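These notes are about the structure you will find just below.
The values are calculated or read from the model by the stated rules, or taken from the named source; none is laboratory data. Remember, predicted model here, so these are calculated numbers, not experimental data. Cβ: placed from backbone, ideal geometry, glycine included. Neighbour counts: every protein chain shown.
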Amino acid sequence: MEQDQQFLEYVVKAIVNNPEDVKSTRTIDERGVLITLDVNPTDMGYVIGRRGQTARAVRTLLKVVGAKNNARVNLKINEPEGSTHVPAMRMGSTMSQQTSAPEDIDTSAVDNLVI
């Protein structure tokens, strides 16, 4: 197993609840190295992170490891079978879709605020 693949598995196994289900495959083509990651469906949230921050950070670290070894490394995270992926809210969605109803929000702390 190559250094970049070992690094990926080490990091991912440290953040998931089912490290025995973490599997990766490494392929090389004209565009560089592609590492494909498979994890337990219940661990996808840990691997992706809020708004994709964890996945983005892992990809950045993989690129650094690859650059150290003169290779261009990319990461593909496979969506597991039976996944209940819900797309993120779009920027153009209305406020009522993003938050609870206004009557549910306690504004007493700022009601008498003078600016």
If you go through region 1-52 one residue at a time, how many are over 14 Å from the mean Cα position of the chain (by Cα) and β-branched (Val, Ile, Thr)? 6
Region 1-27, residues that are touching a strand residue (DSSP E or B) at 6+ places or on another chain (Cβ under 8 Å), under 15 Å from VAL39 (Cα atoms) and of a type in the set (Val, Ile, Thr): VAL12, VAL22, THR25
Among helices (runs of 4 or more DSSP H) entirely inside region 43-106, those with 1 or more residues being at pLDDT below 65 and out of contact with any Cys (no Cβ under 6 Å at 6 or more places or on another chain) are 95-98
Within region 32-48, can you find the residues that are in contact with a Lys or Arg (Cβ under 8 Å, 6 or more places away or on another chain) and surrounded by fewer than 17 Cβ atoms within 10 Å (Cβ to Cβ)? GLY32, LEU34, THR36, ASP38
I need a count of the residues in region 1-19 that are closer than 21 Å to GLY49 by Cβ, of a type outside the set (Ser, Thr, Tyr) and not in a loop (DSSP other than H, G, I, E, B). 11
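Yes/no matrix, rows are residues, columns are (1) of a type outside the set (D, E, K, R); (2) within 25 Å of ALA71 (Cβ to Cβ):
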| residue | (1), (2) |
| --- | --- |
| LYS13 | no, yes |
| ASN17 | yes, no |
| ASP38 | no, yes |
| GLY45 | yes, no |
| ILE48 | yes, yes |
